[in-house]
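One structure is given below, encoded as C-alpha cells.
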Amino acid sequence: MTDRTTADRTFPQGFLWGAATAAHQIEGSPMADGAGPSIWTRFAHTPGMTLNGDTGDVACDHYRRWKEDVRLMKELGLQAYRFSVSWSRILPEGTGRVNQAGLDFYSRLVDELLANGIEPLLTLYHWDMPAALDDRGGWLNRDCADWFAEYGQVMYRALDGRVKKWVTLNEPWVITDGGYLHGALAPGHRSRFEAPIASHNLMRAHGAAVQAYRAEGKHEIGLVVNIEPKYAATDSAQDAAAVKRAHAYMNEQYLDPALLGSYPPELREIFGEAWPEWPQADFDLIKQKLDFIGVNYYTRSVTKDAVSYPLNTGVVRQPSGTYTETGWEVFPQGLTDTLTWVKDRYGDIPMYITENGAAFFDPPVAEPDVSGARRVRDPLRMDYLQKHISAIHDAIQAGCDIRGYMVWSLLDNLEWSLGYSKRFGVVHVNYATQDRTPKDSARWYTKVIASNGKHL
Ligand code: LGS
C-alpha cells in the first residue's frame with residue numbers, strides 16, 4: 001500500500017472523472033412520446049415485486065428535467081457522464097419500427113452534454129428490455145443476439161458521430177442471477193436451468209452488438225461487469241474450493257467467454273445437469289475484440305463452504321467491518337485487488353471504473369447557510385469515495401491501465417426492487433419537489449476532479 005498522506009496522487013493525464021446513472025432509475029415518464037413498456041415497467045407494476053410498490057413512473061423526472069441535470073453536471077465540474085438508453089423508447093416493439101421521438105430524446109441529451117464539454121458514455125442495456133421481447137422469450141430466446149444487434153445498429157447510426165464510448169451490457173451477472181435464478185429482478189424467474197441459457201445468450205448478444213459496432217462505428221466499445229473479489233474465510237481446503245466456485249460464478253463467467261473464449265470449469269460443477277454443451281460457433285461470436293472493460297465495484301465477500309443454492313457457499317460477516325445501508329462491507333483494498341486481477345488474468349486491457357459508490361443514511365437537507373447554499377452532510381459517502389479513489393491510484397501504480405472513474409450515482413434514484421429506500425446519489429433528490437441538492441460528497445468530488453485526484 002502507498003502512503004496516502006505523502007504519495008503523489010496525481011492521476012494520468014486525460015483520466016476521465018464522471019458520474020453514472022441508468023434510464024429506468026432516473027428518467028420517469030416510461031411511456032412518453034410513443035415508448036413501449038419495458039420489463040421493469042411491467043415488473044414494478046406487478047404487486048409485491050418492489051419495496052412499497054415503488055415504480056419508475058416518475059423517478060427523478062429526468063426525462064423532463066434533462067437540461068437542468070446537465071447544468072448540474074456542469075456546475076459539479078464533471079468531465080463525463082455515463083447513462084443508459086431505454087431500448088423500448090427506441091424500438092417500442094423491440095425490433096422493427098423505430099420511434100423517432102425516443103431517439104430524439106437521447107440525441108438532444110448528447111448534444112447538451114457535448115455543448116457543456118461533458119463526454120457521454122452510452123450503455124445500450126441497463127436491464128430494461130422491451131416487454132414485447134420478453135413475450136418472445138427474452139434472453140432465453142437465441143434470437144436475442146439479432147434483436148440486440150439491430151437495436152445497437154440503430155443507436156450507432158444515430159449517435160456514433162457524437163458518442164465515442166459505448167457499452168453493450170451492464171452487469172450480465174446481475175441480469176441473470178437476479179432475473180433468472182433468484183427472481184428478485186425483472187423478469188423475476190427462478191430457474192437453475194434458465195440461468196445458464198440467459199447468461200450465454202446475453203453474451204452472444206454482446207458479441208453480436210460488438211460485431212455490428214465494428215461495421216458501423218468508429219470509436220470504442222466495451223463491456224461492463226460487476227466484480228466482487230472473494231476471500232476465503234479460513235485456510236481450509238473446503239473454503240478454498242468455495243472461493244473458486246464463487247469467483248468463477250460471479251467474476252469469470254462473463255469475462256472469460258468475452259476475452260478468452262471459454263467458460264471456467266467450475267460452472268459445470270455448480271449447475272450440474274442444468275449446464276448445457278455450447279457450440280464452438282457461439283464462442284466465436286462472443287469473443288470479440290473489446291476496446292475496454294468497465295468495472296463496477298462495490299464490495300467484497302469473505303466466502304466459506306456452506307449449504308446454499310446453487311453455489312454451496314456462504315458469506316461471513318466481518319465483526320470489525322464497516323457496512324453501508326445496503327449491508328455491503330466497505331473494502332477499498334478489494335478494488336485494487338480486482339483491477340490487478342483483471343490485468344493478470346486477461347492482459348493489459350484499458351479499464352474504466354464505470355460504477356462505485358455507496359448508500360448511506362443521509363440527514364435531511366439543512367436550511368441555507370450564510371452563503372445561501374443548502375447542504376447535506378454525508379461524511380460516510382465521502383470517506384467511501386476517497387478510499388476507493390485512492391485504491392484505484394494504487395492499481396494504477398501497480399501497472400493497471402485505468403482510464404476513468406464514474407461515481408454511482410449522480411442522483412439519488414430508484415434502486416430497482418428496493419425502490420426509493422436507498423440513496424446512492426452525490427446529489428440529493430427530494431422526490432416530492434424534485435429539488436436537487438449537491439451533498440458534501442459532490443462538493444468534495446468537484447475538487448477531486450479539478451485537481452485530477454490530488455485533492456483527495
Ligand atoms: O443502482 C445499481 C447499483 C447499486 O449497487 C446499478 O443500477 C447497478 O448497475 C449496480 O448493480 N449497483 C449496485 N451493485 C452492488 C452489488 C453489490 C452486491 C453485494 C451483495 C452482497 C451480499
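The condition of being in contact with a strand residue (DSSP E or B) (Cβ under 9 Å, 6 or more places away or on another chain) and surrounded by 21 or more Cβ atoms within 10 Å (Cβ to Cβ) holds for only one of Pro196, Pro229, that being Pro229. Could you tell me which residue of segment 273-301 is nearest to the ligand (Cβ to nearest atom), considering only residues that are more than 22 Å from Ile353 (Cα to Cα) and in contact (Cβ under 8 Å) with a residue 60 or more places away in the chain? This residue is Ile286. When residues in segment 60-96 are screened for being among the acidic types (Asp, Glu), over 28 Å from Leu133 (Cα atoms) and open to solvent by 10 Å² or more (accessible area, probe 1.4 Å), 2 of them pass.
In the set (1) open to solvent by 30 Å² or more (accessible area, probe 1.4 Å); (2) within 16 Å of the ligand (Cβ to nearest atom), the condition left unmet by Leu335 is number (1). Checked against (1) among the aliphatic types (A, V, I, L, M); (2) farther than 18 Å from Pro172 by Cα; (3) more than 12 Å from the ligand (Cβ to nearest atom), Leu311 passes all but condition (2). Look at segment 218-244: where a residue is within 30 Å of Ala208 (Cα to Cα) and a partner is of a type in the set (Ser, Thr, Tyr) and within 16 Å of the ligand (Cβ to nearest atom), sitting 6+ places away or on another chain with Cβ atoms under 6 Å, you get Leu223/Thr168; Val224/Thr354; Val225/Tyr254; Ile227/Thr338; Glu228/Ser301; Pro229/Thr338.
For segment 308-365, the tally of residues that are charged (D, E, K, R), in contact (Cβ under 8 Å) with a residue 24 or more places away in the chain and in contact with an Asp or Glu (Cβ under 9 Å, 6 or more places away or on another chain) stands at 5.
Rundown of residues vs (1) over 23 Å from the mean Cα position of the chain (by Cα); (2) over 30 Å from Leu185 (Cβ atoms); (3) at pLDDT 95 or above, yes/no style:
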position	(1), (2), (3)
Ile349	no, no, yes
Gly357	no, no, yes
Pro368	yes, yes, no
Asp378	no, no, yes
Arg381	no, no, yes
Asp394	no, yes, yes
Tyr420	no, no, yes
Thr433	yes, no, yes
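Does segment 42-52 contain any residue that is in contact with a Ser or Thr (Cβ under 8 Å, 6 or more places away or on another chain), buried (at least 24 other Cβ atoms within 10 Å of the Cβ) and outside any helix (DSSP H, G or I)? Within segment 42-52 (the criterion being in contact with a Ser or Thr (Cβ under 8 Å, 6 or more places away or on another chain), buried (at least 24 other Cβ atoms within 10 Å of the Cβ) and outside any helix (DSSP H, G or I)), the answer is yes, since at least one residue qualifies.
All conditions in (1) within 20 Å of the chain's Cα centre (by Cα); (2) outside any helix (DSSP H, G or I); (3) touching a residue at least 24 places away in the same chain (Cβ under 8 Å) hold for Asn452, with the sole exception of (1).
Before we move on, is Phe83 within 24 Å of Phe148 (Cβ to Cβ) and among the hydrophobic types (A, V, I, L, M, F, W, C)? Spelling it out, Phe83 is indeed within 24 Å of Phe148 (Cβ to Cβ) and among the hydrophobic types (A, V, I, L, M, F, W, C).
When Ala242 is tested against (1) closer than 30 Å to Arg42 by Cα; (2) in contact with an Asp or Glu (Cβ under 8 Å, 6 or more places away or on another chain); (3) in a helix (DSSP H, G or I), just one condition goes unmet, and that condition is (1).
Just give me the residues in segment 412-427 being more than 11 Å from the ligand (Cβ to nearest atom) and aliphatic (A, V, I, L, M), in sequence order. Once the filter is applied, which keeps residues that are more than 11 Å from the ligand (Cβ to nearest atom) and aliphatic (A, V, I, L, M), segment 412-427 yields Val426, Val427.
Step by step: first the residues of segment 306-319, then only those that are open to solvent by 30 Å² or more (accessible area, probe 1.4 Å) and within 18 Å of Asn251 (Cα to Cα), then the one that is nearest to the chain's Cα centre (by Cα). Which residue is that? Out of the qualifying residues, it is Val315. Across segment 369-411, the qualifying residues are those that are open to solvent by 40 Å² or more (accessible area, probe 1.4 Å) and closer than 19 Å to Gly327 by Cα, and the one among them that is farthest from the ligand (Cβ to nearest atom) is Pro379. Contact map, segment 108-130: residues that are assigned to a helix (DSSP H, G or I) paired with residues that are open to solvent by 40 Å² or more (accessible area, probe 1.4 Å), Cβ distance under 7 Å, separation 6+ or inter-chain. Pairs shown: Val110/Arg162; Glu112/Lys67; Leu114/Arg162. Taking Asp177, is it under 24 Å from Tyr352 (Cβ atoms), at pLDDT 95 or above and within 15 Å of the ligand (Cβ to nearest atom)? Here the answer is yes, as Asp177 does meet what is asked.
The values are calculated or read from the model by the stated rules, or taken from the named source; none is laboratory data. Keep in mind that what you see is a predicted model, and the values were worked out from it rather than measured. Don't worry about glycine lacking a Cβ; one is built from the backbone with ideal geometry, like all the others, and counts go over all protein chains shown. Heads up: the accessible areas ignore ligands, DNA and RNA and are worked out on the full protein's heavy atoms, side chains in. Shrake-Rupley method; radii C 1.70, N 1.55, O 1.52, S 1.80 Å.
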